Every structure is written in structure tokens, then in C-alpha cells.
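Notes to accompany the following structure.
The values are calculated or read from the model by the stated rules, or taken from the named source; none is laboratory data. Model, not experiment: these values are computed from the prediction. No Cβ is skipped: glycine too gets one built from the backbone with ideal geometry, and neighbour counts run over all protein chains shown.
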Amino acid sequence: MTQSHGPFHAGELRAQTRAGVAQDAAQAGRFIRDFMPDQHRAFFSALPFLVIAGADNEGRRWVSLLETAVGSVRSDHPQNLYLPCAPIPDDPMHSGFTSGARLGVLGIELATRRRNRVNGRLRQNGSGFVLEVAQSFGNCPQYIHQRDWHHVGNTDAAPARTSNQLTEAQARWIASWDTFFIGSGIAEAADGSASGFDASHRGGSPGFVEVMRDNKLRFPDYAGNNFFNTIGNLLCDPRVGLLFVDFENGGLLHVTGRAEIVWDGKHSRDPQARREVIVTIDKVVERQGALSLRWHTSQLNVRRLRVVEKRCESRDITSFHLAPLDGAPLPLFLPGQHLPIELHIPGQATPTKRSYSLSGAPAAQTYRISVKREDRGLASAFMHDQLEVGDVVQAREPSGDFVLPSGDAPLVLASAGVGVTPMVAMLYELVETKTSRPVFFVQGVRDGASYPFQKEVAKLASDKRNIRLRTCFSAPRPEDFPLPFHAKKGRVTALDLLSLNAGPDADFMLCGPVGFIASLASGLEKGGIRDKHIHYETFGPAS
């Protein structure tokens, strides 16, 4: 009888342990499902391309880009994803795209920085294939460079050029680029644990991939979701595939080789690197003009916003109120959405891009984002220490799917730490629209010094019979006593939320660290709350 390892195989578990995140990953593993949520199914169907990762008939790992007409990818069942076509013969993935083959798929929308991943096994279905889903999960948008796409019609693709090493032109191009895709996988895990292939995105400042001597590439591995899918795969099988996309001209540069993990990232050229990966190249395939898609970096929706107020909300959270430099009205946002911003940080060659939840009233004339100082956080440290009133940042339109459900069902808004930021925006909306639906605002804080928006939330809820507050202090200081009448000592638990008696049809909005959400969601499900009523968003570098 094989031992159950949950959604992770031995390599992933080993990587998580070495990185010191095994406990967090174990909790977060519940977000890896063996089916696609409806939102993911609709997302894949709306994309003009998918990134795919697998092996050819000789076992080499490759990554490719499969162009699809919008709507041709579909899902008639949460565990099936229909792919309308196979890669063409010039594609190095072609020979391995067969019934029974394992495949990793990444759906990514560069314009909005959304991405979701799925992997499983292929099954022939007429002229197309069905991916029988083994694992499905979402990813955070960090390190994705925004680009808009368009079709140019039929193109005359040049014949594929194959070699065993990079040409000088290819090396120069890689050394200047800001994005690539990586594929890894194990066909079968020897211990019976989860296995399969994974397609993933990697982004950084232009030049973050270093072309080394001896036909090698080196790139940093940043803080991610703590699953260690790629690193874990490579610990079990070092064969790896890389894909570099010429977004302007539709070309693809496929690289396959073997990877080595350098665990100590302290000597990396990039101070944000936690680890490094060195790839020894075995084969290169260049396909110029392979795609009818083109991408460009649009500046049409970029606004210059001035900091008009900076306010300390708690020990480690600071709010920034942003007003448009041109005086034109700001686009409206849905409470719960985030604001993508770009910061020009001294010493950084390119703008640093981050997304922060909007924490102010949707009807306000300014945007408010509230930022927690993170350990080793390049952007948060700059904003806390150097960004001042009068300074200017660039921002794109608000985006995100973590928004208030429609209807009149009761709402439970539960957060921990800086996860409270979207909840405050939601509370503003509910108060301003004079909702009659029952609202339970549950906030987890460490102590009185780390209690953001205390007075603001109390004022919003005052005299509102349908709004109830509950605050949990995990480690209150002596000076915090007596606690507010709506507060208690301890962490926010699923039992706390269930004891509110909001009812089985209530919508539970959860935001906070991965472990916090995993614990609450699991407890709510055990308490009889259906999955469709549990909505969540994680934050931080490991979201």
C-alpha cells in the first residue's frame, strides 16, 4: 500500500523542507485541486494561447506555445480540458503529444497578469485531445510583465533551425529579455506520490537570465507560492525545457537541457533571489514567425498618480493616498480589487512592479493602498522609507476577481494582518449602498500596535444593526487590556466563523496568509459550508 503524500511528490517535499516552508506548503496544498473551478474553466476558454510543457519521444523536456482560437479550448466537466489541436510537426513537443502522455498547461493573460495552472494526462478525442485533470491551481501575478495581444493573420513561418548550442544572436536576445516559460516533470513517482509535468512562468528585469560560458544559462529563483513544483521536479529529474517568446515578431526559441539548483542565492546578481538555477543546454530549436499572435507593452491605460497623503496605520502597515496627476477622474474599481503599480527605485535598472489591494472607498476621488513592510521586500521598504507626499508612481487600471458576491446572502469578511485591506473597501461599499444583508467583519491582529483601521472600521459599523464586528488578538500586550467589547484573545478559527450563525448560504470572504486561509477553508467545509460559498485571496510573496 503506497503512502499518501497529498498533492506533492517526494522532490517537492524535499525542496519545501530545505527552504523551511514545509508547514506552510502543507497547509496551502489544499488549494491544489483535482478539478478546475468554474472560474478557471472559463478563463482557459477565453485565452488565445496556452503554454504547454511535456516530453518528446526521446524523453527530452520541452515547453511550447499552443495557439488556439478564443473559445476553442473548452471544459464540459471540471476534470476535463479539451484542446482542439496538437503542436505542428516543426514544434519539438509534437512527437510527445500523444494519448497517455503527461502534460503541464499554463493559462496566462499577460494584459491582466492572471494565470492558472493545470496538469494531467492526454487522451485522444477526435482531431483534438482531452486533458484529464490531475491538479489545478492558481498563481499570484508577481513578476508578470503586462502586454496586450493582437492577431496579424496568417504568417510565413521559417523552417525550424536546430542546433546543440546558442548562436551569438540568440544569446544576445536571451540576455536582454524579461520573460520566459519553464517546463519540468517526472513521468511516474517511484514512491507512488503525485507526479506529472508543470508549465510555469518566469519574469524579471531585462537581463535576469545570464548566458554563461560552456553552453549554460543561469537565472534567479524568487519567492513564490512555496509549492516548489519546478524545483521539486528538477530534484527528481534534472531534465528541463525553456521557452523564450519573441513577442514583437511571433518567434519561439525552445531550449532543452539539464538543471542544477544552487540553493544559496546570496551570491546572485539579484538581491531578491532565494536560489539560482543553472541549465546546461543540450539542444536548441528556433522557429521564427511561428505565431500569428503579437504582443506589445501598452501605455494607454497607465496613469501617473501623486502621493497626496501618507499615513501609518499600524506597526508595519502604511497607507498611501494617490490622486491623478492629470486631474481626470480615476477609473472606478470593485471593492476587493488590487492596483498594479510601478515604482522607480534607485539602483534598479527597470521599474519595480507590484500589486496592492485597494483599501479605500470605491466612491472616493483618490485611490488608497495600504502596504505592509515585508522582510527582504524591495518595494515595501522603498515605499515605507522613501516614498513621500508629492512623489509620483505609475499605475494601471484596477483588476482582480476577489470581489463581493451579488445577492442578499449574509457576508462574513474574515482577514488576518494586511489581509484586512480589501475587506475595508468592501465594508465601505456595503455601508455606502446601505445594504440590508447581514455583515460580519472578523479581523485577526497580533496586538494593539498591529491593529490597522481600528477606528475607521468602528466608525463605519457604528449604528448599523446589520454589521457586527469581531476582533481576535493572537498575542495581546498588557497595555491592550481591557480588549474592546467585540474582541477576544486568540486566533481567528473556523469555529469562530461558524459560531456567527450566518447560515449555510452565507458567503465567506477570506484574505490573509496562505496558512490562515487553508485552515479556515478546511474548517468551514467540515462545518458544512459548500465550496462555492468560500472565496479567498492570499497576499505576500508566497501567495
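General remarks:
- Reported count of residues in the range 495-532, each being surrounded by fewer than 20 Cβ atoms within 10 Å (Cβ to Cβ) and either outside any loop (DSSP other than H, G, I, E, B) or assigned by TED's automatic domain parsing to the domain that holds L339 (or both), is 10.
- For F8: the one exception among (1) touching a Gly at 6+ places or on another chain (Cβ under 9 Å); (2) assigned to a strand (DSSP E or B): (2)
- Matching option when the condition is in the same structural domain as D148 (by TED's automatic domain parsing) and small (G, A, S), among G336, G289, G327, G360: G289
- Taking the range 304-320 as the range and being under 12 Å from L387 (Cβ atoms) and surrounded by 17 or more Cβ atoms within 10 Å (Cβ to Cβ) as the test, the residues that pass are L305, V307, T318, S319, F320.
- Residue pairs meeting the criteria (Cβ under 6 Å; at least 6 apart or on separate chains; first under 28 Å from L110 (Cα atoms), in the range 204-218; second part of a loop (DSSP other than H, G, I, E, B) and among the charged types (D, E, K, R)): P206/D178
For (1) within 19 Å of K310 (Cα to Cα); (2) crowded, with 17+ Cβ neighbours inside 10 Å; (3) of a type in the set (S, T, Y), each residue gets a yes or a no:
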site: T352; (1), (2), (3): no, no, yes
site: Y356; (1), (2), (3): yes, yes, yes
site: S370; (1), (2), (3): yes, yes, yes
site: D375; (1), (2), (3): no, no, no
site: A379; (1), (2), (3): yes, yes, no
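- Hits in the range 204-257 - residues which are assigned to a strand (DSSP E or B), among the small types (G, A, S) and within 25 Å of the chain's Cα centre (by Cα): G241
- Residue-level analysis places N164 among those that are over 22 Å from D178 (Cα atoms) and at pLDDT 95 or above.
- A count restricted to the range 69-112 and to residues that are touching a strand residue (DSSP E or B) at 6+ places or on another chain (Cβ under 8 Å) and over 24 Å from G400 (Cβ atoms) stands at 23.
- Residues of the range 93-130 that are over 28 Å from the mean Cα position of the chain (by Cα) and either on the phi < 0 side of the Ramachandran plot or not assigned by TED's automatic domain parsing to the domain that holds A158 (or both): H94, S95, G96, T98, S99, R123, Q124, N125, S127, G128.
- Residues that are surrounded by fewer than 17 Cβ atoms within 10 Å (Cβ to Cβ) and not in a loop (DSSP other than H, G, I, E, B), drawn from the range 31-70: D38, Q39, A42
- Breaking point among (1) over 29 Å from A364 (Cβ atoms); (2) β-branched (V, I, T); (3) modelled with pLDDT under 95, for T493: (3)
- When V277 is tested against the conditions (1) touching a helix residue (DSSP H, G or I) at 6+ places or on another chain (Cβ under 7 Å); (2) in a strand (DSSP E or B); (3) of a type in the set (A, V, I, L, M), the lone failure is (1).
- The listed residue being assigned by TED's automatic domain parsing to the domain that holds V277, farther than 17 Å from P7 by Cβ, at pLDDT below 95 and among the hydrophobic types (A, V, I, L, M, F, W, C), out of A190, A194, A169: A190
- Search result, residues across the range 287-303 that are buried (at least 17 other Cβ atoms within 10 Å of the Cβ) and out of contact with any Gly (no Cβ under 7 Å at 6 or more places or on another chain): W295, R303
- Counting only residues that are among the polar types (S, T, N, Q) and within 21 Å of R41 (Cβ to Cβ), the range 52-102 holds 5 of them.
Condition check ((1) of a type in the set (V, I, T); (2) part of a loop (DSSP other than H, G, I, E, B); (3) at negative phi) across all residues:
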{"position": "N301", "(1), (2), (3)": "no, yes, yes"}
{"position": "V308", "(1), (2), (3)": "yes, no, yes"}
{"position": "R311", "(1), (2), (3)": "no, no, yes"}
{"position": "S319", "(1), (2), (3)": "no, no, yes"}
{"position": "L322", "(1), (2), (3)": "no, no, yes"}
{"position": "L332", "(1), (2), (3)": "no, yes, yes"}
{"position": "E342", "(1), (2), (3)": "no, no, yes"}
{"position": "K353", "(1), (2), (3)": "no, no, yes"}
{"position": "A363", "(1), (2), (3)": "no, yes, yes"}
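- Positions within the range 387-412 being surrounded by fewer than 17 Cβ atoms within 10 Å (Cβ to Cβ), of a type outside the set (D, E, K, R) and closer than 23 Å to D326 by Cα, in sequence order: V389, G390, V392
- Qualifying residues in the range 200-218 (those that are surrounded by fewer than 19 Cβ atoms within 10 Å (Cβ to Cβ) and among the polar types (S, T, N, Q)) - the one farthest from K353 (Cα to Cα): N215
- Of all positions in the range 142-153, at least one carries a residue that is in the same structural domain as T98 (by TED's automatic domain parsing), touching a residue at least 12 places away in the same chain (Cβ under 8 Å) and buried (at least 22 other Cβ atoms within 10 Å of the Cβ).
Each row is one residue, and each column tells you yes or no for (1) touching a Gly at 6+ places or on another chain (Cβ under 9 Å); (2) within 16 Å of A361 (Cα to Cα); (3) among the aromatic types (F, W, Y).
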residue: A425; (1), (2), (3): yes, yes, no
residue: K434; (1), (2), (3): no, yes, no
residue: G444; (1), (2), (3): yes, no, no
residue: Y451; (1), (2), (3): no, no, yes
residue: N466; (1), (2), (3): no, no, no
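- The condition (being closer than 24 Å to R437 by Cα, among the acidic types (D, E) and in contact (Cβ under 8 Å) with a residue 12 or more places away in the chain) is satisfied by just one residue among E479, E456: E456.
- With respect to the conditions (1) surrounded by fewer than 23 Cβ atoms within 10 Å (Cβ to Cβ); (2) in a loop (DSSP other than H, G, I, E, B); (3) in contact (Cβ under 8 Å) with a residue 12 or more places away in the chain, G336 lacks only one, and its number is (1).
- Considering residues of the range 263-276 that are in contact (Cβ under 8 Å) with a residue 12 or more places away in the chain, surrounded by fewer than 16 Cβ atoms within 10 Å (Cβ to Cβ) and not aromatic (F, W, Y) only, the residue nearest to W62 (Cα to Cα): R269
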